[in-house]
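For reference, the structure is listed below as structure tokens.
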Amino acid sequence: MTDRKGSLRVKRSVAFLVVGSLVSMFGATYGANAAPAKKVTITFWTSYSTSETPTLEKTLIPAFEKANPNIIVKHVVFSHDDLYQKLLTSAMTNTLPDVVRSDLPWVPTFAQGKVFAQLDGKMAGFDKLAKTVYPGTLSTNYYGGHYYGLPLDTNTRVTFANMDAFAKAGITTVPKTFADMLADAPLLKAQGIYLYGDGGTGGWNVLPWIWSAGGAVTNATNTTAKGYINGAKTVSAIQFLTDLYKAGAIPDSMLGASGGMSTYDGVAKGNFAMTLDGPWMNPIWAGGYPNFHPVQALVPAGAGGSHSVVGGEDINVTAKSKNKPAAMAFVRFMLSKSAQVAMTKAGQLSVLSALTSQVTAIHPYYATFLKQLATAEARTPVPNYPKIDAIIGTQVAAAMSGKVTAQAAMDEAAAQIEPLLK
Amino acid sequence: MIVGSKKRRITFRAARYVTLIVGATIMIIPFLYLFATSFKPQLYLFEIPPQFIPKHPTLSNYTDAWTSNSFGHYFANSVFVSLVSTVIAALLSAMMAYAFARFNFKGQNLMFWLLLVGLMVPGMMLLIPQYLLANQLHLINSLVGLILFYVATNLAFNTFLLRGFFEEIPWELEEAMIMDGAGPFRRFWKLILPLSRPALATVGIFTFLACWDEYVWALTIINDPDKRTLPIAISIFQGQHLTNWGLVFAASTIAIVPVIVVFALFQRQFIHGLSADALKG
Amino acid sequence: MLANVPHGPSKPSKAGFVPYLFLAPGFLLFLLTIIYPIFRALQISFYNWGVFPGSPTTFVGLHQYVREMHDPVFWRALENAAVYMVFTVPLQIVFGLSVAMLLVRKIPGRGLFRALFYIPVVTSWVVVSLLFKFLFSTDAGFVNWILHNLLHLSSHNIGWLDTRWPSMITIGILGVWKGVGWSMLIFLAALMGVPDSLTEAAAIDGAGPWRSFFSVTLPSIRLTLSFVTIMLVIGSLNVFTSAFIMTGGGPQQQTEVVLSYMYHQAFQFLDFGYGSALAFTLAIIVFAISFVQMRLFRGGVTRVVR
């Protein structure tokens, strides 16, 4: 405890030295320009898990409050789904907290609704901070020409493989390409093992395959889907998944069968040889299946290379907050190196590109994720993304189950998504 | 005919018990499963074949659930909100039921139909309008807001139930009191309510249960962790990526116990309350 | 009109303002917190409703209702809710009444049995829905373990929650399991009101237990039966939590019920106008069915139990 506070103070003086008179992240945090004259309380809503909350509440917030004696931080935790509903309803009545940790796809919705505050040009030290985070994570806060938040933590999906399962089929290496997967599928099937398990067909699940095949959901400016979601490359990715499903390499649970085995059990028990998932699975498997040692690898490459989907959370200040200076000071603090390191230890991968080597020292398994993040892409940052995600989920499942051709399904998806981008 | 053979009666009796035991087993197995799981460490949660007696029993789920996030405090909030709502809802609906049972008045049918409508609309539909109303009334983030809406939600059903009961109370009893110069409020308070104790116990239990389990409204209007109720506290144990089922089930067991105790204690009164027979007997 | 005009010759005919004094606190609260929001919900269903303060809200008239008529998912959701109703209501009545018949007379352990059958009623929908999702999961579920491994009734593990109809049946099984105790209790109360003299008289006339049940017991609990039926129909069409938790409407919206679809539209897609229209349509259907039932039963609900 004392160690951490000590290191904070060191960091502060270093920052002052390096940045000098500039309004830097640390300077702004601790500098007189941001410190409110009288005591204020800011509220911070998150969906941190029971294992992450103690770091925030017992280490970080006390450190922040010590450095900012005029600010009290009140942390309120909700479950992930509850938080989204709370934000929606509270926005209706202007009873939102000052700071929110939000899931990436929520941000454009709340930016469009003027629920979150624009930070670029409004928050001291924003430009500086924006340069310290991975660009892919920053982009998730971009809407209509402005930034409505900063990334707080990040993750992506990489391959988790059960090598014992592969070994049963005489395979010794994790598939590196789509072609490897197609070759491995029948060998595993002969042993009664599914090659690839996943929990759905929404964007989070299938975008890595679409992007790796060289496809896309929309054009670069997110204004049209026609020719992208139903373009030849995207369709080839869907066809690839369909072929695997038809070959008995993917279980029904990916198509939404609720009774099926979860990938958590399936991969650990060797019923599925591999899946794509996030870094949190490492401690989860270690807790539930201590004898299972997953092997991580990059997403298998297709014609477009190996691309995964950016996950994680952003930190946002609400537009109606009465304590914006204090809220922004807290945002800067949460993006400070010490805070980021502390949360990384608790399982939240840092968004600061400068911390790369430190992060892998904390948990070696982060290495694969950092490598994958270099080419990972964000889900379409538009307010209608939840609908787009549902459309992708429905149409991909329709194609995989063989009800319609991959091309027909994606044409339908394009037709449905197009008006949502207006 | 009525005599029948003794053998037949014994067979009948045996069949009755076998049926009851099979039925009760089906009713109870899921709870045994829940109860057993709440004593299992994460490692052994869902084993096949299922273990109803955990091989590695632990109390850690209970201690974790109780010590995390001031669970005890939420428990107390739930008790407070449920009890107060129950008492107010019982009183207000008894008054309404008395009016419906004992008086003819203008608008009676319309009022009855409106109550019926209240019974039929899905609560989910009213969530947003009620929330906006609560905001106008400055009831966001207050236990009063919870209580007010819990009372309202339970009024219609309670009124119907109590009205049926009140109508069975012989009018002669009231007439006797009128002779003594008692007004309607005195009759309601001194005669109707005491005679209706079983029925009041019944609506009380129904209301208490409904409030005890209510989740969506509590989530929507309460912002302050100090004012949370049990169902929200339990939902926090459900993680985005991993749910610690041992913890959830331990917390759920803690939440179920008071309810079962209440029912076990009042079971007899409860059933009597539903039956107008109570008065005649 | 219904038979809900309070009966009995002994009512004061001139009540003046007294009944209104009794009604006022409860009914005003009811008007404010239930009836007024119903009208607000109706109003929202005529708009493309902007969720956030300041976001555009446009009047679209009946557009949301027209849209609903052309939405295959809505029709499927309605069909699923109807199937759930047809599956759960009769079973709850039959099982509830049977158990009540077995438990109405004094037998050793009667209180315990009553409590055991009632426990599912008093536990939260969320908890039991999660529980049933485990019990019915395909590979590690308790039910498949019994059917396949223990009793060998099935050659393979059944995918209870994998496709539409098995999922609806599983959700229905949960509904029946959780609901039997409730109808048992109401029937018990009613059966206790059937005078023993009636059944004894029937027995003396030579009626066997079955005939006695159909010719004496059933007619005397007719009102209760109608009450239970109406309440169960209302509850079953409004099914939500169990479906939402056990399948989430999946796979591919095959198991969506009206309220889960409404929830997705409103809270996932922020389409509160459409969500309100869906819920309102359901409310109207429920109301219409209840109205017809009350006509058939002649005032069941209003007499509640006796």
remark   = Note, segment A:313-326: 3J(HN,Hα) by Karplus (6.51, -1.76, 1.60, θ = phi - 60°), whole Hz, Gly/Pro = x, goes 9, 10, 10, 10, 9, 7, 5, 9, 4, 8, 10, 4, x, 5
request  = Considering Cα pairs under 8 angstrom that are at least six residues apart, work out the relative contact order of chain C and quote it in whole percent.
outcome  = 28 percent
inquiry  = How much accessible area per residue does segment C:69-303 have, counting only protein heavy atoms and a probe of 1.4 Å, in square angstrom?
reply    = 37 Å²
remark   = Relative contact order as a percentage, chain B, C-alpha pairs under 8 Å and 6+ apart, gives 30 percent
key: Accessible area that becomes buried as A packs against B, both chains, 1.4 Å probe, Å², nearest 100   = 2100 Å²
message = Relative to 2.2 N^0.38 Å, what does the C-alpha radius of gyration of segment B:101-185 come to as a ratio? Two decimals please.
response = 1.49
inquiry  = As an exercise, use a Förster radius of 41 Å and the Cβ-Cβ distance of residue A:403 and residue A:220 to find the FRET efficiency, rounded to the nearest 0.05.
reply    = 0.85
remark   = Taking B:74-83, A:38-47, B:10-19, A:389-398 and ranking on average Cβ neighbours within 10 Å, highest first, one gets A:389-398, B:74-83, A:38-47, B:10-19
ask   = When the helices in chain C are scored as -39500 (n - 2.57) per DSSP H run of 4 or longer and the sum is shared across all residues, what 222 nm value do you end up with, to the nearest 500 deg cm²/dmol?
value = -19500 deg cm²/dmol
ask   = Mind listing the phi-derived Karplus ³J(HN,Hα) values for segment B:188-200, rounded to whole Hz, using 6.51, -1.76 and 1.60 with θ = phi - 60°, and x for any glycine or proline?
value = 4, 6, 8, 10, 5, 4, x, 5, 9, 3, x, 5, 5
message = Using only the Cα atoms of chain A, what semi-axes does the equivalent ellipsoid have when each is the square root of 5 times a gyration tensor eigenvalue? Give whole Å, largest first.
response = 40, 25, 18
key: Distant-in-sequence amide H partners of residue A:301 (H built 1.01 Å from N, under 5 Å)   = A:177, A:178
task = Express the accessible area of chain B per residue in Å², computed with a 1.4 Å probe while the remaining protein chains stay in the model.
result = 42 Å²
query = Ratio of chain B's C-alpha Rg to 2.2 N^0.38 Å, to two decimals?
reply = 1.26
query = What do the square roots of 5 times the Cα gyration tensor eigenvalues come to for the protein assembly as shown, in whole Å, largest first, as semi-axes of the equivalent ellipsoid?
reply = 53, 35, 27
ask   = What does the highest-first list of A:328-334, A:181-187, A:81-87, C:289-295 look like by mean Cβ count within 10 Å?
value = A:328-334, A:81-87, A:181-187, C:289-295
ask   = Are there residues in segment B:220-250 whose accessible area shrinks by at least 50 Å² when all protein chains are included rather than the chain by itself, and which are they (probe 1.4 Å, ligands and nucleic acids not counted)?
value = B:223, B:228, B:236, B:240, B:241
remark   = Note on chain A: contact order normalised by length, alpha-carbon pairs under 8 Å, 6 or more apart, percent, works out to 25 percent
request  = Grab the other residues whose beta carbon is less than 13 angstrom from that of residue B:203, score K and R as +1, D and E as -1, and report the net.
outcome  = +2
Between B and C, accessible area buried - total, square angstrom, nearest 100, 1.4 angstrom probe = 9300 Å²
message = Using 20 Å as the Cα-Cα cut-off, could you pick out the over-long pairs in A:39/A:66; A:114/A:226; A:66/A:122; A:114/A:422; A:122/A:345?
response = A:114/A:226; A:66/A:122; A:122/A:345
ask   = By the scheme Lys and Arg +1, Asp and Glu -1, what is the net charge of all other residues having a beta-carbon under 13 Å from that of residue B:183?
value = +2
request  = Please list B:218-231, C:189-202 highest first by mean number of surrounding beta-carbon atoms within 10 Å per residue.
outcome  = B:218-231, C:189-202
inquiry  = Explain nothing, just the number: dipole magnitude of the protein assembly as shown about its Cα centre with +1 on each Lys and Arg Cβ and -1 on each Asp and Glu Cβ, in debye rounded to the nearest 20.
reply    = 1820 debye
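For segment A:315-422, what does the accessible surface come to per residue with a 1.4 Å probe? Please give it in Å². Don't skip to the answer; put the middle values down first.
On the way: 3740 Å² over 108 residues.
Counting only protein heavy atoms, the per-residue value for segment A:315-422 is 35 Å².
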Residue mean of other protein chain beta carbons inside 10 Å, A:335-342 = 0
inquiry  = Please list, in order, the residues from segment C:95-116 whose amide nitrogen is less than 17 Å from a point placed 7 Å along the Cα→Cβ vector of residue B:21.
reply    = C:103, C:107-114, C:116
query = Averaged over peptide A:85-98, how many Cβ atoms belonging to another chain are found within 10 Å of each residue's Cβ?
reply = 5
message = Tell me the net charge near residue C:212. Cut-off is 10 Å between Cβ atoms, residue C:212 excluded, with +1 for each Lys or Arg and -1 for each Asp or Glu.
response = -1
task = Tally up the carbon and sulfur contribution to the accessible surface of chain C as a whole percent, 1.4 Å probe, everything protein left in place.
result = 69 percent
query = Based on the Cα atoms of segment B:193-254, what semi-axes does the equivalent ellipsoid have, where each is the square root of 5 times one gyration tensor eigenvalue, given in whole Å with the largest first?
reply = 31, 15, 8
message = Here is the link list: A:269/B:55; A:168/A:403; B:106/C:178. Which ones come out longer than 31 Å on Cα distance?
response = A:168/A:403; B:106/C:178
note = Whole-percent carbon and sulfur contribution to the accessible surface of segment A:310-397 (1.4 Å, no ligands, DNA or RNA) stands at 56 percent
key: Per-residue mean of C-beta atoms belonging to partner chains within 10 Å, peptide B:257-264   = 3
Amide hydrogen neighbours beyond the local backbone of residue A:377, cut-off 5 Å, H modeled = A:308, A:309, A:310
task = Could you run the Karplus curve 6.51 cos²θ - 1.76 cosθ + 1.60 with θ = phi - 60° over segment C:191-196 and give me ³J(HN,Hα) per residue in whole Hz, x for Gly and Pro?
result = 5, 5, x, 7, x, 4
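Using the alpha carbons of segment C:109-258, what is the convex hull volume per residue in cubic angstrom, as a whole number? Walk me through the intermediate numbers first.
Numbers: hull volume 23.3 nm³, N = 150.
Dividing the Cα hull volume of segment C:109-258 by its residues yields 155 Å³.
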query = How compact and how long is chain C, expressed as Rg and Dmax of its alpha-carbon atoms in Å?
reply = 23.3, 77
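The values are calculated or read from the model by the stated rules, or taken from the named source; none is laboratory data. Values in this document were obtained by computation on a predicted structure and should not be read as measured data. Reconstructed Cβ throughout: ideal geometry from the backbone, glycine too, with neighbour counts over all protein chains shown. The protein model used for the area step is the full one, side chains on, heavy atoms only, and it has no ligands, DNA or RNA in it. Shrake-Rupley method; radii C 1.70, N 1.55, O 1.52, S 1.80 Å.
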